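K.L.:
Have a look at the structure that comes next, please.
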């Protein structure tokens, strides 16, 4: 004798759940994919309700106007098309703020008890991270589109081919994912969302302002030029500027890719540890 319900099916001494023959309780696809879809949908709804997507669109405009208007005449005297020079760092700053948002989402999940509940459920350890990174990709795509649209109004344009333009966008997305993974890991370990954002905003602003993204290397004092020239944000902005102009070179591409790969290895290893040892940070 067998008893069937919408949740369980018993055959002999064996209990299986859910009943794959019942379309009402079984959804095609692996458990990992279903968990990721469910948590990504939840994260997208949360981001929408908190106006994160509006902020992602507005931040590039704030950065662009905040630096372009006061500095464009000074740079024009030096023969620099400042709209063309500035746009890569505007994209990178928007990407960095997307990473801060990723850290806040992870910290809020922990503070609200979501991380604890997921630890007690049969959810793959990497699903929460991947769902938050999916939202990060959506945010960064909005930020990149907004930055390029505002940049076009200021005079920015892509002067290379399709491959150069695609390289510009793909590299920006890659930077956002690497920074997002690192920030998310910090959010998982942090004790408060406010402390997490404060901890991330300061180095982001310092590295951004002390880079060759806003002003050329010659605009820094002699003692600051080595740091400004060799730090990762400077390499990233230089490569993106060359991609936008259609003349990328290995002198800028190689250090940029090495920096990105090194950061990716460190952050992915830390994220894997944090997600697979979530109980230690509850």
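K.L.:
By counting other Cβ atoms within 10 Å of each Cβ, how are 72, 241 ranked from fewest to most?
P.N.:
Least crowded to most crowded, the residues run 72, 241.
K.L.:
Averaging sequence separations of C-alpha pairs under 8 Å and six or more residues apart, then dividing by the length of the chain, give the relative contact order as a whole percent.
P.N.:
On the way: 350 pairs, mean separation 63.8, N = 282.
The normalised contact order for the chain reaches 23 percent.
K.L.:
With the cut-off at 27 Å, report for the chain the share of all Cα pairs above it, as a whole percent.
P.N.:
Taking all Cα-Cα pairs of the chain, the fraction more than 27 Å apart is 47 percent.
K.L.:
Per DSSP H run of n ≥ 4, the term is -39500 (n - 2.57); total these for the chain, divide by its residue number, and report the mean residue ellipticity at 222 nm rounded to 500 deg cm²/dmol.
P.N.:
Result for the chain, helices only: -24500 deg cm²/dmol.
K.L.:
Another question about this same structure. Cut-off is 10 Å between beta-carbons; in what order do 188, 215 appear when sorted fewest neighbours first? Before the final figure, lay out the partial values.
P.N.:
Working: 188 25, 215 21.
In order of increasing Cβ crowding within 10 Å: 215, 188.
K.L.:
Taking the Cα atoms only, what angle lies between the long axis of helix 193-209 and the longest principal axis of the chain, rounded to 10 degrees?
P.N.:
30 degrees
K.L.:
Can I ask one more? In degrees from 0 to 90, rounded to the nearest 10, what is the angle of the helix 82-111 Cα long axis to the longest principal axis of the chain?
P.N.:
30 degrees
K.L.:
Can you pull the semi-axes for the stretch 141-268, root of five times each eigenvalue of the Cα gyration tensor, sorted largest first, whole Å?
P.N.:
So the equivalent ellipsoid measures 25, 19, 16 Å along its semi-axes.
K.L.:
Which angle from 0 to 90°, rounded to the nearest 10, does the C-alpha axis of helix 31-49 make with the longest principal axis of the chain?
P.N.:
50 degrees
K.L.:
Taking the Cα-to-Cβ direction at residue 74 and at residue 265 and moving 7 Å from each Cα, how far apart do the two end points lie in nm?
P.N.:
For the pair residue 74/residue 265, the computed spacing is 3.9 nm.
K.L.:
Mind telling me which of 234, 211, 51 comes out most flexible in a GNM of the chain, alpha-carbon contacts under 10 Å?
P.N.:
So, out of 234, 211, 51, the one fluctuating most is 51.
K.L.:
Return 240, 121, 111 ranked ascending by Cβ neighbour count within 10 Å, so the fewest neighbours appear first.
P.N.:
121, 111, 240
Each reported figure results from applying straightforward, stated rules to the coordinates on display, with no laboratory input. Just so you know, these numbers come straight off a predicted model, no measurement behind them. Note: ideal-geometry Cβ built from the backbone for every residue, glycine included; neighbour counts use all protein chains shown.
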